[in-house]
Protein chains: 2
Amino acid sequence: MPKTVDHDERRSMILGAFVTLVVRDGLHAVSMRSVAAEAGISLRLVQYYFKTKAGLKQSGLAMLEKLSSERWEKRVGGLPEASTVMETLRALFVEALPTDKQGREFHLLWTAYAVLGETDPEIPNRMIVEGPHRLLRRVASLLKQGQSLGEFDAELDVDSEAVVLIGLIHGLGTAVMIGLKSGDVALKLLISHLDRLRAPRGPDPRVLR
Amino acid sequence: MPKTVDHDERRSMILGAFVTLVVRDGLHAVSMRSVAAEAGISLRLVQYYFKTKAGLKQSGLAMLEKLSSERWEKRVGGLPEASTVMETLRALFVEALPTDKQGREFHLLWTAYAVLGETDPEIPNRMIVEGPHRLLRRVASLLKQGQSLGEFDAELDVDSEAVVLIGLIHGLGTAVMIGLKSGDVALKLLISHLDRLRAPRGPDPRVLR
DNA sequence: ATTTTTATGATACAAGTGTACCATGAAAAA
DNA sequence: TTTTTCATGGTACACTTGTATCATAAAAAT
């Protein structure tokens, strides 16, 4: 092999340009040529590293999924050792709501893919549903853990509440995106909703009273 | 004027073809020519009645908004005279969730436009936010009415709860669309959520405690 | 009966699209 | 040193796109 170039690095560099363009012009408006131009390379190279446009779009979605997973892991990892489940979930809200530029980008990207996946057979449905499903299980597991620690009402059906939570996250996220409500308000509403799930009576859950 | 053709009828006929194509191929894939073919007319006529493609897309969104308003009015109007606020809201859920074909179409269309509006300057943001905003006020007003009738907890901040409700409707709707959860489950979750807002203790709310 | 207006058809045009193909420098393998 | 393999450039092809233009049947207005 000659030039010994790092394919993975090359690919993620191109995907960076891809994401930039999707955010700016919309997923539908991105072309092989525009990606090449944005990445500062030739059209031929975009073909070389992704073969087809469908490949590029699929890789874009896969990368989106991976990146968001990593960010979430990192944020949870950065939490203090003795954090409550409540605090962990709050961190998820901050991460998932489109409050900052990164959050807006993610929401836009994901929703665009969700819409595209509804009509485009080149985007398999499982690629869309996979991420939310993982998140769903994770939230349910957190709620269950919170239940056993006495943070949340023991009567709750954690699976149901998890669905409601991620539905609420996405729905409020969309409300923020279109400018119906601000990110701050959405976050506050999400937290108040979570407060409703708290264990009844007793200010400190760890002290049984 | 010669042929004396009904422009409005013509336009809504073409918009019907437009919607059919958006649902089948996605908003991004609809072209002037495909709309013409689907409507069984010539390309020239699509131009004639909508001038430009931007005009077609804007009219599509406007029609979507109008149709959904009308459907909602009709459903509420069809409710029995003595319906509770709770029942009215339940009717909204059934109408808004993508449970049947029509519901799925609406959710897909609206979300596609919301995504498009994020990057396309030809779709003014107010056209996107207008519908949700009207719905928001309506739900808030219903909740308030329900409060004064004793159906809902008097302590509730109805405006906040309205935002949570429409966020939940949209979020769960998306969950149904991508196949994360079924429409039945989503509806059940929405209703249980509404139950949480019920007035505490007291079987007959109209009799004070 | 002539003129004007309306509704429609056909088509041309420039731009942009994804993909395929051919060429080539350079580095590793032989 | 020759040969093979990899990374890249350039470009051509067949389509599709939105829009503009020219033409015309027919009906209303004059």
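The values are calculated or read from the model by the stated rules, or taken from the named source; none is laboratory data. Small disclaimer: the values here were computed from a predicted structure and weren't measured. No Cβ is skipped: glycine too gets one built from the backbone with ideal geometry, and neighbour counts run over all protein chains shown.
Examine region B:150-157 for a residue that is without any contact (Cβ under 8 Å) to a residue 40 or more places away in the chain, of a type in the set (A, V, I, L, M) and either more than 10 Å from chain A (Cβ to nearest Cβ) or farther than 18 Å from residue A:177 by Cβ (or both), and state whether such a residue exists.
We begin by selecting, within region B:150-157, every residue without any contact (Cβ under 8 Å) to a residue 40 or more places away in the chain; these are B:155, B:157.
Adding the requirement that they be of a type in the set (A, V, I, L, M) leaves none.
So far as region B:150-157 goes, no, none of its residues is without any contact (Cβ under 8 Å) to a residue 40 or more places away in the chain, of a type in the set (A, V, I, L, M) and either more than 10 Å from chain A (Cβ to nearest Cβ) or farther than 18 Å from residue A:177 by Cβ (or both).
Picking from B:191, B:169, B:178, which residue would you name as being in contact with a Phe, Trp or Tyr (Cβ under 8 Å, 6 or more places away or on another chain), at pLDDT 95 or above, within 21 Å of residue A:117 (Cα to Cα) and assigned by the TED database to the domain that holds residue B:140?
Numbers: B:191 fails: within 21 Å of residue A:117 (Cα to Cα); B:178 fails: in contact with a Phe, Trp or Tyr (Cβ under 8 Å, 6 or more places away or on another chain).
Of the residues listed, the single one that is in contact with a Phe, Trp or Tyr (Cβ under 8 Å, 6 or more places away or on another chain), at pLDDT 95 or above, within 21 Å of residue A:117 (Cα to Cα) and assigned by the TED database to the domain that holds residue B:140 is B:169.
Run down A:99, A:4 and say which single residue is outside the structural domain of residue A:190 (by the TED database), hydroxyl-bearing (Ser, Thr, Tyr) and either farther than 29 Å from residue B:29 by Cβ or touching a residue at least 40 places away in the same chain (Cβ under 8 Å) (or both). Write out each step before concluding.
Numbers: A:99 fails: outside the structural domain of residue A:190 (by the TED database).
A:4 is the lone residue from the list that is outside the structural domain of residue A:190 (by the TED database), hydroxyl-bearing (Ser, Thr, Tyr) and either farther than 29 Å from residue B:29 by Cβ or touching a residue at least 40 places away in the same chain (Cβ under 8 Å) (or both).
Cβ-Cβ below 8 Å, separation at least six or inter-chain, first residue in region B:22-34 and within 12 Å of another protein chain (Cβ to nearest Cβ), second charged (D, E, K, R) and part of a loop (DSSP other than H, G, I, E, B): which pairs?
B:26/A:120
For region B:160-193, which residues satisfy the criterion of being more than 10 Å from every other protein chain (Cβ to nearest Cβ) and among the charged types (D, E, K, R)? Break it down stepwise before answering.
Within region B:160-193, the subset more than 10 Å from every other protein chain (Cβ to nearest Cβ) is B:162, B:182-184, B:187, B:191.
Hit for region B:160-193 is B:184, nothing else.
Just to be sure I understand the filter: pairs with C-beta atoms under 8 Å, separated by 6 or more residues or on different chains, first member in region A:50-65 and within 14 Å of another protein chain (Cβ to nearest Cβ), second member assigned to a helix (DSSP H, G or I) and within 9 Å of DNA strand C (Cβ to nearest atom). Which pairs pass?
Pairs found: A:53/A:32.
Checking residue B:30 against (1) within 26 Å of the chain's Cα centre (by Cα); (2) more than 8 Å from DNA strand D (Cβ to nearest atom): exactly one of these is not met. Which one?
The one condition residue B:30 does not meet is (2).
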